[in-house]
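Novice: One structure, as structure tokens, below. Some questions next.
The values are calculated or read from the model by the stated rules, or taken from the named source; none is laboratory data. This one's a predicted model, so the numbers in the text were calculated from it and none came from an experiment. FYI the Cβ positions are ideal-geometry reconstructions off the backbone, even for glycines, and counts take in every protein chain you see.
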Amino acid sequence: KAKAQRRNSYKIFDVKMHTQAVNRLTIETDIRKAIEREEFVIYYQPIVDILGDGQSKAGRLIGFEALLRWQHPTRGLVLPKEFVSIAEETGLIVQIDRWMLYKACQHLADWKVKFATHFPIKVNINLSVQDIRQGNLIEYIDQILAQIGLEGDCITLEITESMLIENISQTIDLLSQLKSRKIKISIDDFGTGYSSLNYLHRLPADNLKIDRSFVSQMQQGNRNYQVVSTIIALSNQLGLAVVAEGIETPQQLQWLQELGCEFGQGYLFSKPLSHQTVEALLTTSKILHYIL
Ligand code: C2E
Ligand code: MG
Ligand code: MG
Ligand code: MG
């Protein structure tokens, strides 16, 4: 009986693997079509100054993180977790991310004209490891900034810890080139990757983003609270700004403020917003200041 059962489960496993492979192929084909048909859209999530200083009160909008969404003809709005890893494995992410870079810069330049009095507003854009491996990222960025007429200092590129360890000296070189264009660098999902303490001080980074998993599981004095506290202390030590991701509750916000975290992002302030919603909120100025 056991043997029969085992044989059966192999069969199920095979079928499952086959289904998965077919699914992936379908998604891959769909992604290629989506690029051609321009089905991707950008959602923007506000990043907020949660500490403030003498001049500016806490709650001020600093900018947005640009987040990829797929406006699928039949599936509706699809989130990155459904397709980004397949786009990465197939290398299609490079084309998508270049589109993101171009489009986000275009939106920002457009807002700068429409909402000049609200500026500076900055935009953060996520990169994948393939974007860095591809030789001509710098040339591409130079080209779009020149074409659109934007300065490098209004964009931040987000890279993850795991992208750094692969080829540290090449990456440092690339980051230095970005820095000389005044483009800011953010280390995303900090704390989840390979410990980067060895080379963190060598990186031309400007800020760290504390991963949502630590923030969401913070309790007074628990391990996650200690990790968050340590990352903030480390950032201060290294002269890096720090952004907390995934702030959902007033209690989390209060703890982060007490620990000296400067910037925050999360559903407590706002979910990622469509381009149209951002424009509507900028028009009424309703998004420029959050009451903390
Ligand atoms: P990420 O860069 O760490 O982005 C933050 C994610 O956390 C976003 O998920 C955002 O919607 C979500 N988030 C923010 N605040 C909260 C909160 O308070 N609660 C909860 N539950 N979630 C929150 P999203 O948009 O689904 O993106 C997931 C990941 O996909 C991103 O993580 C990033 O790694 C990747 N990604 C997104 N857009 C792009 C892109 O244009 N290019 C590349 N290469 N990767 C992207
Ligand atoms: Mg990010
Ligand atoms: Mg992140
Ligand atoms: Mg994250």
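Novice: For Val228, state whether it is touching a strand residue (DSSP E or B) at 6+ places or on another chain (Cβ under 7 Å), farther than 26 Å from Ile155 by Cβ, in a helix (DSSP H, G or I) and among the β-branched types (Val, Ile, Thr).
Specialist: Taking the combined requirement at face value, the residue satisfies it.
Novice: Checking Val243 against (1) of a type outside the set (Lys, Arg); (2) outside any helix (DSSP H, G or I); (3) more than 16 Å from ligand 4 (Cβ to nearest atom); (4) in contact (Cβ under 8 Å) with a residue 40 or more places away in the chain: exactly one of these is not met. Which one?
Specialist: (3)
Novice: Here is a follow-up. Restricting attention to segment 179-229, which residues are more than 21 Å from Val48 (Cα to Cα), of a type in the set (S, T, N, Q) and surrounded by 14 or more Cβ atoms within 10 Å (Cβ to Cβ)?
Specialist: Listed by number, the residues that qualify are Thr192, Ser196, Asn224.
Novice: Also: Among Ile159, Ile125, which is the only one that is within 12 Å of ligand 1 (Cβ to nearest atom), surrounded by 21 or more Cβ atoms within 10 Å (Cβ to Cβ) and modelled with pLDDT under 95?
Specialist: When all the criteria are applied, what remains is Ile159.
Novice: Which residue out of Asp142, Asp153 is under 21 Å from Gly63 (Cβ atoms), acidic (Asp, Glu), in a helix (DSSP H, G or I) and more than 15 Å from the chain's Cα centre (by Cα)?
Specialist: Residue meeting the stated conditions: Asp153.
Novice: Does Ile86 meet the test of being surrounded by 20 or more Cβ atoms within 10 Å (Cβ to Cβ), of a type outside the set (D, E, K, R), out of contact with any Leu (no Cβ under 6 Å at 6 or more places or on another chain) and in a helix (DSSP H, G or I)?
Specialist: No; evaluated as a whole, the condition is false for this residue.
Novice: Related question: Is at least one residue of segment 180-194 under 29 Å from His118 (Cα atoms), part of a helix (DSSP H, G or I) and within 16 Å of ligand 3 (Cβ to nearest atom)?
Specialist: no
Novice: If I filter segment 156-174 down to residues being in a helix (DSSP H, G or I) and within 16 Å of ligand 2 (Cβ to nearest atom), which single residue comes out as farthest from Pro120 (Cα to Cα)?
Specialist: Looking at the filtered set, the residue picked out is Ser162.
Novice: Sticking with this structure for a sec: Check segment 275-292 and report whether any residue there is closer than 28 Å to Met163 by Cα and surrounded by fewer than 20 Cβ atoms within 10 Å (Cβ to Cβ).
Specialist: No: zero hits.
Here's the yes/no breakdown for (1) of a type outside the set (Gly, Ala, Ser); (2) away from ligand 2 (no atom under 16 Å from the Cβ):
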site	(1), (2)
Tyr199	yes, yes
Leu203	yes, yes
Asn207	yes, no
Ser213	no, no
Ser216	no, no
Arg223	yes, yes
Thr230	yes, yes
Gly239	no, yes
Glu245	yes, no
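Novice: Of all residues in segment 128-139 being over 20 Å from the mean Cα position of the chain (by Cα) and either of a type in the set (Gly, Ala, Ser) or part of a helix (DSSP H, G or I) (or both), which is modelled with the lowest pLDDT?
Specialist: The extreme case among them is Gly135.
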